[in-house]
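Take a look at the structure set out below.
The numbers here are math on the coordinates, done by the rules we state, and not lab data. Remember, predicted model here, so these are calculated numbers, not experimental data. Here the Cβ positions follow ideal geometry from the backbone for every residue, glycine too, while neighbour counts run over all protein chains shown.
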Amino acid sequence: MESFRAARDRAASPPDGAQQVRRMQTLISALHENAVLVVNRFYEELSRLPKSRRILEMLSADERAHLKEKQIQNLLSLANPRLTTKDHAEMAQRIGRIHAIVGLDKEELARSRGILQEALHKLIGKKVSGDALSLYTNRLTTDLAWQLKAYQDLQDSQQEVLLRVTRLVWEADSYTNFINGLTSALSGHAEIAASVIGRPDEHGIFHHEAGEGGKAGAGLVEVLTAQGVPISVRADLPVGQGAVGRAWRSGNAERVVNYQTDQHVEGWRVVMQQQGLRSSVAIPLAAPGQPPMAVLVIFSAFPGGFVGPHQVAFIDLLQALLGCAAMRLQTLDGKSQAVPVSVRQHWAALVRAGAVQMHYQPLLNLHTWQVGKVEALARLRDGQRVLGPDEFLSALTSDDLLVLFACGVDEALADRKRWLSDGLDLEISVNLPPAALNDIRYFEATCSALAEHGCPPAKLTLEVLENEALSLSQGRRAILARFRTLGVLLAQDDLGSGHSGLARLRELPFDWIKIDRDIARISGDGALDVLRFIYQLAHLGHALGKLVLAEGIDTLDVLCALTILGVDGAQGYVIAKPMESVRLREWMANWPDNSCAPQGESLLARLARFVVWEERVALISGVPGVTQRLLGTPMARRAPDSASEEFVRTLAGFDGILPASDGRDALRRGLLRAMLTDGRNSDAYHSAVRRLMVAAARATPV
């Protein structure tokens, strides 16, 4: 049996060229005379098929006329006797892709080809030779095979896109990197002519934050922004909603099947026509049960894109992946504000243009009450404004963050060198993004800066922010080990802000740990529990051989309490705000000014002393015979040693917790009895603690 390839080649390029040209000439003449009639009959019959009718009905009159004209050109091209296999394959697959993109399924395509052949036989069959018509029919059959191959190629491409997005969902280390990677991953798929992604601001106005494709290329976002039709996601502002607003409110994928006929998107009709974009689908990024965090819009160059059965399945799978991304990104970045792409690009340009400035916040040693270390914090100068990291950091890409780190560590070590020449020897701490543990270039930038400024590595601490991205993979361990071998100190920043902090604290080679500012915020009825938690974190850190620092300290009372709990260091506005290099030298020249020195016993200080007392009593109560001594119960055996009795009395004393009063001993005995007989989780002990807190509050001057 003759192979399909051989038959196809024979049909496309017959061996007897001159004879074949003469045979096909009658067919070409007949097609020229009757093509309009054939095509009209063809589309008349197609309109009786439900799926084909749906596709035709979504077209405007001009689009239907254009479609018929293209069909006539295709019929004439297939009749060209000099049509090669290569040219035929390219033409057929291009048309097949269009059919697949507009949602015409394979079965309907095959039926339509039968309808076309029947129309040809009826209208021109008697006007041409049988050989010519047979050759033309063979070409139509081959054409169908090439078109069906295009369908399969598109489905394979869909799977590749989903795989790329899946990797991105689990590997992206920030919202900015995710949205840039997502639009890039989608750009290579033939069904997607362009894509944009963004979020609404606090007023409900949607801002495009990244995008690719369209006739404007990467500038599509700027074109959509400049065309002047704001997109609102608020239900009370029906004007300017579009598919984006509907998707934000419904949580479902919302389609525009044709910008030229959909009255709800009339404001975008002209710009979409200029960009060669004819249809779209808006897909919300939403974790299960949560409101959307962003909306992705993908565009097709043809009307009816993303409505076919395979496309609907593709969009459903893509939306499920985006839901996973939303859940993970909220853990990584929290809820950051929408930043238009023009602003993102402006900030990235400033980073690369040397607009980074380092400000320095002193770290107070709570054992010596001296400052020997500062944290370098990046600022970005934008004209007369100085932007803090909370404003611009989340809007930067991975490459931007690398430039920021390299500029920051270089400037910080240069400033340290200048301070040293003035006799001021300070250690410096610099933030290291989690992405650095996947990118050896951060290590190389650190080595270069240390060498450039002659800084001993031990004078530099790199603070690694704790988040979900900081896993314990071998690759990340290896980069941490390189920093460790280099001799720089490592600190885990914001302990307690992530989900696996204790595992990282145990397994990763940190020298310092920094307690998250939200944990160190002590106020209200929960103050005692917060103090207990901080004490345990400090105790755990010390047990693992690490120093413990608390950040974000804003009051002197908290600072004194941390000192009592054994925390090694602190930073915050109560000590000093971040400042420029010159101001830091002036500030250090006037330190200490005694503004932070303890002034009497505050309520928090008394409660901190109680936490220490409580833990000491719990610790020694396990020693045989100590419980009886603490409770004042006579010993059944030998008389107690006077020295040990004095030790127990001192340990169980209330010095510093409450001033001497008639009720102090009674409170102490009540607490001891409830703790040692009923347990620390008992109602009796909780009641005794509440009485203590009331007494401590009364004893503290307002």
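Note on residue 554 and residue 477: with the Förster distance fixed at 30 Å, the Cβ-Cβ geometry gives a FRET efficiency of about 0.25.
Calculated FRET efficiency, residue 26 to residue 270, Cβ-Cβ distance, R0 = 45 Å: about 0.45 to the nearest 0.05. Rounded to 0.05, the FRET efficiency of the residue 525 and residue 290 pair, given R0 = 30 Å and the Cβ-Cβ distance, is 0.50. Where does helix 61-78 land angle-wise versus the long Cα axis of the chain, in degrees 0 to 90, nearest 10? On a 0 to 90 degree scale, this one is about 60. Working from label points 7 Å from Cα in the Cα-to-Cβ sense, the residue 90 to residue 422 distance is 6.9 nm. Relative to the current alpha-carbon distance between residue 250 and residue 589, full extension at 0.36 nm per residue lengthens the span by 116.0 nm.
Measuring against 24 Å, Cα to Cα, the residue pairs 70/149; 86/122; 459/514; 51/127; 51/126 contain 86/122; 51/127; 51/126 as the ones spanning a longer distance. Charge dipole of the chain (Cα centre as origin; +1 on each Lys and Arg Cβ, -1 on each Asp and Glu Cβ, all else neutral): 1660 debye, rounded to the nearest 20. For the modelled label position 7 Å from the Cα of residue 40 along Cα-to-Cβ, which residues of the stretch 62-79 have backbone nitrogen atoms closer than 14 Å? Zone members listed by number: 65, 68-69. In the chain, the longest principal axis of the Cα atoms and the axis of helix 398-421 are about 30 degrees apart.
Site pair residue 235 and residue 312 shows an inter-label distance of 2.6 nm when each label is modelled 7 Å from Cα along Cα→Cβ. With the Cα gyration tensor of the stretch 172-333 giving a ≥ b ≥ c as the square roots of its eigenvalues, does the rule (a/c under 1.5 for rounded; else a/b larger than b/c for prolate; else oblate) give rounded, prolate or oblate? Judged from the Cα gyration tensor, the stretch 172-333 comes out rounded (a/c under 1.5). To the nearest ten degrees, helix 17-46 and the longest principal axis of the Cα atoms of the chain are 60 degrees apart.
The label-point distance for residue 69 and residue 202, in a model that sets each label 7 Å from Cα toward Cβ, rounds to 5.2 nm.
Measuring gaps between exposed loop sites in the chain (GluC sites (Glu not before Pro); DSSP loop; at most 15 other Cβ atoms within 10 Å), the longest gap, sites not included, is 203-467.
Exposed loop sites here are chymotrypsin sites (Phe, Trp or Tyr not before Pro) assigned a DSSP state other than H, G, I, E or B and surrounded by at most 16 other beta carbons within 10 Å; excluding them, the longest clear run of the chain is 1-368.
The length gained by stretching the chain between residue 543 and residue 184 to full extension, at 0.36 nm per residue less their Cα-Cα distance, is 124.5 nm. Straightening the chain between residue 665 and residue 536 buys 43.7 nm, computed as 0.36 nm per residue apart minus the Cα-Cα spacing.
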